[in-house]
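Report on one structure; see the data block that follows.
The values are calculated or read from the model by the stated rules, or taken from the named source; none is laboratory data. Everything numeric in this text was worked out from a predicted model, so none of it was measured. All Cβ positions, glycine included, derive from the backbone under ideal geometry; neighbour counts span all protein chains shown.
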């Protein structure tokens, strides 16, 4: 997993996690306005304007090149951008903007310690240059401003990069959980089918062989064996249908694990409290699908920060309670609730909804009490 994370981080373009506006290189060019802002105080002097325009034109190909997913070319771009800023500062103090860009590039392309070390070195050189080319009062002001902005930008980039790494770890974990769940399900299906069909097919083979031997010398006994073969085959067919129903049923525990991962990736905290209850495959499938639909609604519409899931049993039956602290106001006829209600009704259950606007949503998926379960817990 560590190798996969390193490869993904190296090949990924320098984008912030969460898909914000800084994903676009065109948007981040807006900050170049701070290169030209100090020129408002130089009047008609042409050298600062010409130098600033030339620096901007040299920076453009470096900026767009940095957004390409080629990690080996990013590090030289950091130094090239910094050199442009150093060259411009004697003509225009706004050249420190390119040093801010260089610190951001370092945060994306270098390891955190190296990025911090390089950024501090660039800031030290910039401060020295300010004191060499500007009056000391102006040098102090520009040094404080440039250092503060650069460190803030670098901190934001490192935090965003760390979040992107954690998101990548979460995606890999989700894929691994899915792979292991699929492997475990295949093994379970194989064991179930072997236990179900192994004995039955052996009986069918033995009785068919016996019927073949009795066919000429004792036809009535042969017909009796063939009738038993038919009975066993029909019983096996019924058992296979029941097994298929259980295989198709979504496991509630697996659905809870998937829900926790999905909510975690959206930074929504989930608490669960599960009572030990026995559920038939049909009932478990209805609750699992209801949980999936509820979590989907939370992720798409609720804007919640916390979700609570409680499975409880009583004399009246079993209830799955899903509540969130989102914006509430759920449309009773929308957001998949109609299908949820129909699936519960098919197994004798019902759905209760409490969703006042601004106070979150509470769903209660109720199933009636049944006899001993045939399925999984």
Query raised in the report: Does any residue in the stretch 306-322 that is free of Cβ contacts under 8 Å to residues at least 40 places away in the same chain come within less than 6 Å, Cβ to Cβ, of a residue that is surrounded by fewer than 15 Cβ atoms within 10 Å (Cβ to Cβ) six or more places away or on a different chain, and which pairs are these?
Result: 306/269; 308/271; 310/273; 312/275; 313/275
Report task. Pull up the stretch 354-373, narrow it to residues that are surrounded by 15 or more Cβ atoms within 10 Å (Cβ to Cβ) and not in a strand (DSSP E or B), then point me to the one that is modelled with the lowest pLDDT. Result -> 370
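Okay, residues lined up against (1) modelled with pLDDT under 80; (2) in the same structural domain as residue 318 (by TED's automatic domain parsing); (3) farther than 24 Å from residue 176 by Cα:
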{"site": "205", "(1), (2), (3)": "no, no, yes"}
{"site": "240", "(1), (2), (3)": "yes, no, yes"}
{"site": "258", "(1), (2), (3)": "no, no, no"}
{"site": "285", "(1), (2), (3)": "no, yes, no"}
{"site": "292", "(1), (2), (3)": "no, yes, no"}
**Report entry** Which listed residue is assigned by TED's automatic domain parsing to the domain that holds residue 160 and either within 16 Å of residue 37 (Cβ to Cβ) or modelled with pLDDT of 95 or more (or both), from 132, 99, 110
**Finding:** 99
Query - From 268, 298, 277, 307, residue being over 17 Å from residue 343 (Cα atoms) and modelled with pLDDT under 85 - result: 277
Query raised in the report: For residue 171, all conditions in the list (1) closer than 30 Å to residue 236 by Cα; (2) modelled with pLDDT under 80 hold save one; what is the number of the exception?
Result: (1)
Query raised in the report: Could you give every pair whose Cβ atoms fall below 7 Å, whose first residue belongs to the stretch 175-200 and is closer than 24 Å to residue 235 by Cα, and whose second residue is modelled with pLDDT of 70 or more, counting only separations of at least 6 or pairs across chains?
Result: 196/239; 196/240; 197/236; 200/232; 200/236
Report summary line: Note on residue 83: of the conditions (1) within 23 Å of residue 125 (Cα to Cα); (2) in contact with a helix residue (DSSP H, G or I) (Cβ under 6 Å, 6 or more places away or on another chain), unmet is (2)
Query raised in the report: Does residue 154 count as in a helix (DSSP H, G or I), in the same structural domain as residue 48 (by TED's automatic domain parsing), free of Cβ contacts under 8 Å to residues at least 60 places away in the same chain and buried (at least 19 other Cβ atoms within 10 Å of the Cβ)?
Result: yes
Report task. Could you list, in sequence order, all residues of the stretch 271-308 that are surrounded by fewer than 20 Cβ atoms within 10 Å (Cβ to Cβ) and assigned to a strand (DSSP E or B)? Result -> 271, 272, 273, 274, 306, 308
Requested in this report: Kindly indicate whether residue 177 is over 26 Å from residue 347 (Cβ atoms), in a helix (DSSP H, G or I) and modelled with pLDDT under 80.
Outcome: yes
Query raised in the report: Across the stretch 316-330, what is the number of residues that are assigned to a loop (DSSP other than H, G, I, E, B) and under 16 Å from residue 349 (Cβ atoms)?
Result: 1
